[in-house]
Amino acid sequence: MVDLLALKKPDAKKFSKKNEIRPFEDATGLEFFAEKNDSSLMVFSSHNKKRPNTLTFARFFNHKVYDMIEMSIQENHKLLQDFKKVTFPVGLKPMFTFNGPAFDSHPVFQQIKSYFMDFYRGDETDLQDAAGLQYIISLSTAEIEDPNSTVLPLLHFRVYKLKSYKSGQKIPRVEVDEIGPRFDFKIGRRITPSPEAEKDALAKPKQLQAKEKKNVSTDFMGDKVAKIHVGNQDLSKMQTRKMKGLKSKYDQVDEEEFDGEDFPEDYEESAAKRQKV
């Protein structure tokens with residue numbers, strides 16, 4: 001748990017005092033710590049003969065347990081001190097890879113995926129800096145042949161550091177190097193949220209909801225499209241010619257091509273004037 005804490009620094013706090021807490025039997029102890037520290041995420045470490053080296057991941061809503069899942073660390077683990085390699089600066093956000101179709105299809109692994117995304121999400125920001133993308137948290141699992149089986153495959157937790165080298169092109173050559181920690185988790189008991197609690201937890205506050213603008217939409221290219229409604233217009237009363245030079249009798253046309261049918265009155269007046277002259 002100390003190594004998982006190191007990945008989340010400085011946004012984490014460790015309690016080292018031993019407490020007689022059984023999360024799945026009575027979660028009031030965890031809820032007390034959640035309310036006292038105003039925390040929505042917690043990892044509880046326990047060890048006994050029946051369930052050795054166990055981590056219980058819990059999420060809270062309104063300081064009450066929202067859901068929990070229990071995962072036991074297998075014997076082939078390696079800690080940060082066992083790698084003895086240069087780690088990454090504190091406070092960076094990790095990138096995630098989820099290897100295996102179970103993370104998109106099986107409810108237990110979907111819950112695990114949501115857990116780790118919430119635990120290491122950090123503060124949301126619009127700033128993007130490629131220099132801050134230095135390490136990857138990789139979660140892998142085998143394919144589940146029988147979806148109804150109670151025996152689930154192990155969850156493999158790995159952490160890698162990105163290294164970029166010159167490639168002679170604009171895009172550098174990227175390699176990954178494992179820096180630890182390395183865990184294999186065996187999935188145990190879990191508690192899922194009730195439909196009512198899930199609905200309340202996923203509800204978006206009214207202050208953060210975007211106000212919908214009438215008659216304004218966005219097309220598939222991302223352009224804003226608006227509709228403007230105007231009243232009925234009587235085009236028969238529109239004044240289109242305000243200049244004397246725009247009147248039809250001042251139009252200059254060739255007499256050979258003009259047949260006098262378009263403007264008979266003007267044609268007769270002009271013909272009479274020519275005869276007088």
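The values are calculated or read from the model by the stated rules, or taken from the named source; none is laboratory data. Not measured: the values here are computed from a predicted model. Cβ coordinates were reconstructed from backbone atoms using ideal geometry, including for glycine residues, and neighbour counts include every protein chain displayed. Just the protein is used for accessible areas: all its heavy atoms, side chains included, with ligands, DNA and RNA removed. Shrake-Rupley method; radii C 1.70, N 1.55, O 1.52, S 1.80 Å.
Could you give the accessible area per residue of the range 35-83, probe 1.4 Å, as a whole number in Å²?
For the range 35-83, the per-residue accessible area is 59 Å².
Given 0.36 nm per residue, what is the gain on full extension from Gln207 to Asp26 after removing their alpha carbon distance, in nm?
61.6 nm
What FRET efficiency comes out for the pair Thr218/Lys78, r = Cβ-Cβ distance, R0 = 45 Å, nearest 0.05?
Rounded to the nearest 0.05, the efficiency is 0.35.
Using the basic label-point model (7 angstrom from Cα toward the beta carbon), what is the Lys170 to Leu5 distance in nanometres?
4.6 nm
Evaluate the range 1-154: find the radius of gyration of its Cα atoms, find its Kirkwood radius, and give the ratio Rg to Rh.
0.96
Toward the positive end of the charge dipole of the range 19-119, about the Cα centre and with charges on Cβ (Lys, Arg +1; Asp, Glu -1), which of Pro107, Thr54, Val90 goes farthest?
It is Val90, whose Cα lies furthest towards the positive end.
Hey, what did the range 24-133 get for relative contact order, percent, Cα under 8 Å, at least 6 apart?
16 percent
Suppose R0 equals 41 Å; then what is the FRET efficiency for Ala130 and His63 from their Cβ-Cβ distance, rounded to the nearest 0.05?
Calculated value: 0.60.
Reported to two decimal places, what Rg/Rh ratio describes the range 89-179 when computed on Cα atoms with Rh from the Kirkwood expression?
My calculation puts Rg/Rh at 1.06.
Taking 8 Å as the Cα distance limit and 6 or more residues as the minimum spacing, I'd like the relative contact order of the range 75-173 as a percentage.
Normalised by residue count, the contact order of the range 75-173 is 29 percent.
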